[in-house]
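Colleague: Quick one: this structure, given as structure tokens, is what I'll be asking you about.
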Amino acid sequence: MTGIENSPRGDGLDTDSDCPDFLLFTTEGCHLCDVAIQLISCVLDLSKVYIELVDIAVGDESDQLIDRYGERIPVLMHRASEKEIGWPFNSEQLTSWLKGC
């Protein structure tokens, strides 16, 4: 699986074989999240990675996700390393962050 897709469970914690490479913590109506998706799409080859959108306001873990990410969304997490980059970031910062993942 590649590209950017919504989390089927809303929490981004799927453990099947289609495990995402990245999680993007977002919420409905987040303009900055839309900007971040466009930026990420320019930096990453979406035909080679899978980014799962996780709405922090949906699901059983929403209270914890809102506490953790509510002031920082959009936040991109590299799933394997659990490293995060929170908004604001530009293409240079994102590229540098990706090299460290």
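Colleague: Among the residues of region 25-55, what is the count of those that are exposed (fewer than 12 other Cβ atoms within 10 Å of the Cβ) and outside any helix (DSSP H, G or I)?
Modeller: 5
Colleague: Give 86, 29, 100 a once-over and let me know the one that is closer than 16 Å to residue 6 by Cα and small (Gly, Ala, Ser).
Modeller: The conditions single out 29.
Colleague: Please work out if residue 66 is touching a helix residue (DSSP H, G or I) at 6+ places or on another chain (Cβ under 9 Å) and under 19 Å from residue 6 (Cα atoms).
Modeller: No, not satisfied.
Yes or no, residue by residue, for (1) among the hydrophobic types (A, V, I, L, M, F, W, C); (2) not in a loop (DSSP other than H, G, I, E, B):
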site: 57; (1), (2): yes, no
site: 60; (1), (2): no, no
site: 63; (1), (2): no, yes
site: 68; (1), (2): no, yes
site: 71; (1), (2): no, no
site: 97; (1), (2): yes, yes
site: 101; (1), (2): yes, no
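Colleague: A further question on this structure: Condition first: outside any strand (DSSP E or B), touching a Cys at 6+ places or on another chain (Cβ under 9 Å) and surrounded by 13 or more Cβ atoms within 10 Å (Cβ to Cβ). Now tell me which residues in region 73-93 satisfy that.
Modeller: Scanning region 73-93 gives 73, 74, 79, 83, 87.
Colleague: Only one of (1) closer than 11 Å to residue 24 by Cβ; (2) loosely packed, with under 15 Cβ neighbours inside 10 Å is not met by residue 63, so which one is it?
Modeller: (1)
Readers should treat all values here as calculations from the given coordinates under stated rules, not as data from a laboratory. Quick caveat, the model's predicted, so the values are computed rather than measured. Backbone-built Cβ (ideal geometry, glycine too); neighbour counts: all protein chains shown.
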